[in-house]
1. Hey, any hits in the range 3-24 for a residue that's within 16 Å of the chain's Cα centre (by Cα) and in a helix (DSSP H, G or I)?
2. Can you pull out the helices (runs of 4 or more DSSP H) entirely within the range 57-159 that have at least 1 residues that are surrounded by 13 or more Cβ atoms within 10 Å (Cβ to Cβ) and in contact with a Leu (Cβ under 7 Å, 6 or more places away or on another chain)?
3. Evaluate the range 51-67: report whether one residue or more is more than 23 Å from Glu142 (Cα to Cα) and either aromatic (Phe, Trp, Tyr) or in contact (Cβ under 8 Å) with a residue 60 or more places away in the chain (or both).
4. Being β-branched (Val, Ile, Thr) and either within 12 Å of Asn28 (Cα to Cα) or at pLDDT below 90 (or both) is the filter here; which residues of the range 62-99 pass it?
5. Could you go through the range 2-18 and let me know if any residue there is surrounded by 13 or more Cβ atoms within 10 Å (Cβ to Cβ) and either touching a helix residue (DSSP H, G or I) at 6+ places or on another chain (Cβ under 9 Å) or at pLDDT below 85 (or both).
Amino acid sequence: MIKKLLKKLGLAILIVFILAHFFGPVKNDGDIASVEAFLVDTNPPEDVKLILKSTCFDCHSDHTKYPWYNTITPVNYWLADHIRHGKGDFNVSKWNDYSDKKKDHKLEELAEEVEEGHMPLPSYTWTHSEAKLTKEQIASIEAWVKTARLKYAFLKEPQ
């Protein structure tokens, strides 16, 4: 009896996985040019720009470079969820939609998350070893953020 039940359960799970594979999540494959306004407005130096492209934009923009394993269900759903959450917290492709106050706050959060080691996520660096930040890279990001935030200190609406 239990053997029959486990067999049916296993078959049901297999069918769900097969169906899920054919009806995968929507991909985040907008245009990489959507990050340009962010880059122009915040003016990161070349080294920081490269760091942002290799560690941030996959989950925090409208363009993701998907790894080969994104074709595997349920990994594709897991990645889609990470991207949805990342863009929900901070989407550089929507930079022009943010107020100056919000831009300043997002940059402040970016520096804090990187400094505290929360970003990039360990699950991301596990599969993207190039995204592991060195102390020097973290210092470069912090210096850039400090400079970029000066602009917003003068532009923010009075509180």
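The values are calculated or read from the model by the stated rules, or taken from the named source; none is laboratory data. Predicted model, so just to flag it, every value in this text is computed and none were measured. Using ideal geometry, Cβ is built from the backbone for each residue, glycine included, and neighbour counts are taken over all protein chains shown.
1. no
2. 100-115, 135-155
3. yes
4. Correct list: Thr64, Thr71, Ile72, Thr73, Val75, Ile83.
5. no
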